[in-house]
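The values are calculated or read from the model by the stated rules, or taken from the named source; none is laboratory data. As the structure is a prediction and not an experimental result, all values here were calculated from the model. Cβ coordinates were reconstructed from backbone atoms using ideal geometry, including for glycine residues, and neighbour counts include every protein chain displayed. The protein model used for the area step is the full one, side chains on, heavy atoms only, and it has no ligands, DNA or RNA in it. Shrake-Rupley method; radii C 1.70, N 1.55, O 1.52, S 1.80 Å.
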Amino acid sequence: MLKQHIMRYMTKAISSDTVLSTKRLYHEGKRSITSKEHTLEVFVCITDPYSYLLLQVIPEIQQRYGLQVRLYTVRDKQTDMFPDLAKWQQNSLIDCARLAKLYALSFPELDNFAGKNDNALDAYWAAMLHVEKCALSVTDMLAIFAQYWQNVPSELVAQKTAETELMPLASCKMLIQNQEYQVKQGHYLPATIKYAGEWYWAIDRLDHLESRLNLLLASSAGGQVKYDRQTKHLLTHPATPETAAHPVTLYFSARSPYSYLGLELAVKLCNHYGCPLIVKPVLPMMMRGMNVPQTKKMYIFHDTKREAKKHGIDYGFVADPLGKAVENCYALFALAKSQGKEISYLLEFARAVNSQGLLADNENGMQIIVQRSGLNWHEAKRELNNPVQPWRQEVEDNMNELNNLGLWGVPCFHYQDTVTWGQDRLWVIEQAILSKKKA
């Protein structure tokens, strides 16, 4: 219990704007003292579609802000970071096709794309490492990716193919060193940028990098943020009676901070367009026997903070609900649903444990949440003490549904024939709603 009390105040402290500002001042002071240039460290993997999209926009960022870029080739996905790597990879292709269309970037037609086996990749790794070692430009690296993804011939790949069929030991060692360096610095995904102590994943987080650089550097862009199309026009389209015809389904975990953001944003989306919102709870990964490494937890925590701030959502005073608190939450979901109060109930629970530091693993905490939701505490208390726990079968069924949709984690959204993963993919659902309206 003491640890829980300490941890929630620690999360409040380390997620504060004061701590963030202090960290940034430290890194900028260190850079100034050593007379180093502003440098983006960019980690890319040839088989990762997000890396391909990121490389296409890096030159524009680099030129706009006058930055240096240090490229790192990384090879292996860290499998312990992915609960279902095969589903993640399958979804990433669909997701990147959508992103490419949104930003008018190059990407293959998925029906015509086929990856390459491991042996065929050696020439690509060798070419990438050559670019990295010789400090060649991002454009040179992009040419290698263009051959892999869209069969645009690359002289460097052809040269490395002709040189050898097996990758030299030194190159293998360099790949391992890059991977180890990334892990040591605190991340686990390719298509990531590290700048002065903070990480930015793919195109999705470039708006945070742009905002930071706009404050730090005198830019000819005049404070422009270009890579915010996912959220810039969200909920700006008019609603009509046609948009209310179909529900949006959200697969939700009471422990997931991204689910918390997803719920808040989905409520706004559905209110705007008049769509019913159906929430289907699932167990957190760690309550399904999966491990979430500390590196991943810390990145998600800090990333949730900045995403929450962007949307005007409170986050940071976290009382981790893992275990009993999650069970308490789900035990009362059917009761709240029977009274048409399930959305308000989940909102109150999610806000309590993510932004108010309220411990929900005991009756005192749950009573506060229940009463805020407009539920009767005496009825709720009976459900909390129900030894049958009927909610367990429901969350298992919801997880099976999610797997059948080809996805593995939360938050996920389902609207008619459109399925997408991530709280930052509500623009995909909005586009589907608008396209159905036009049809």
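Is there any pair linking a residue in the range 290-304 that is over 19 Å from LYS184 (Cβ atoms) and among the basic types (Lys, Arg) to one that is open to solvent by 40 Å² or more (accessible area, probe 1.4 Å) and not in a loop (DSSP other than H, G, I, E, B), with Cβ under 7 Å and at least six apart or on different chains, and which?
Here the result reads none, with nothing in the range 290-304 linked to a residue that is open to solvent by 40 Å² or more (accessible area, probe 1.4 Å) and not in a loop (DSSP other than H, G, I, E, B).
Return the residues of the range 259-317 that are of a type in the set (Val, Ile, Thr), closer than 16 Å to TRP421 by Cα and part of a helix (DSSP H, G or I); say none if nothing qualifies.
ILE300, THR304
Anything in the range 43-57 that is within 13 Å of ARG205 (Cβ to Cβ) and among the aliphatic types (A, V, I, L, M)? List them, or say none.
LEU53, LEU54, VAL57
Does the range 393-403 contain at least one residue that is among the β-branched types (Val, Ile, Thr) and at pLDDT 95 or above?
Checking the range 393-403: at least one residue is among the β-branched types (Val, Ile, Thr) and at pLDDT 95 or above.
Within the range 191-247, work out how many residues are in a helix (DSSP H, G or I) and of a type in the set (Lys, Arg).
4
Does the range 408-439 hold any residues that are among the charged types (D, E, K, R) and either farther than 16 Å from ASP95 by Cα or more than 14 Å from the chain's Cα centre (by Cα) (or both), and which are they?
ASP417, GLU430, LYS436, LYS437, LYS438
Out of ASP118, ASP122, report the one residue that is open to solvent by 40 Å² or more (accessible area, probe 1.4 Å) and farther than 16 Å from ILE203 by Cβ.
ASP118
Of (1) over 17 Å from ALA100 (Cα atoms); (2) among the aliphatic types (A, V, I, L, M); (3) buried (at least 21 other Cβ atoms within 10 Å of the Cβ), VAL69 satisfies all except one. Which?
Against the list (1) over 17 Å from ALA100 (Cα atoms); (2) among the aliphatic types (A, V, I, L, M); (3) buried (at least 21 other Cβ atoms within 10 Å of the Cβ), VAL69 comes up short only on (3).
Has the range 174-193 got at least one residue that is more than 19 Å from the chain's Cα centre (by Cα), surrounded by 14 or more Cβ atoms within 10 Å (Cβ to Cβ), within 30 Å of ASN112 (Cα to Cα) and modelled with pLDDT under 95?
For the range 174-193, residues more than 19 Å from the chain's Cα centre (by Cα), surrounded by 14 or more Cβ atoms within 10 Å (Cβ to Cβ), within 30 Å of ASN112 (Cα to Cα) and modelled with pLDDT under 95: present.
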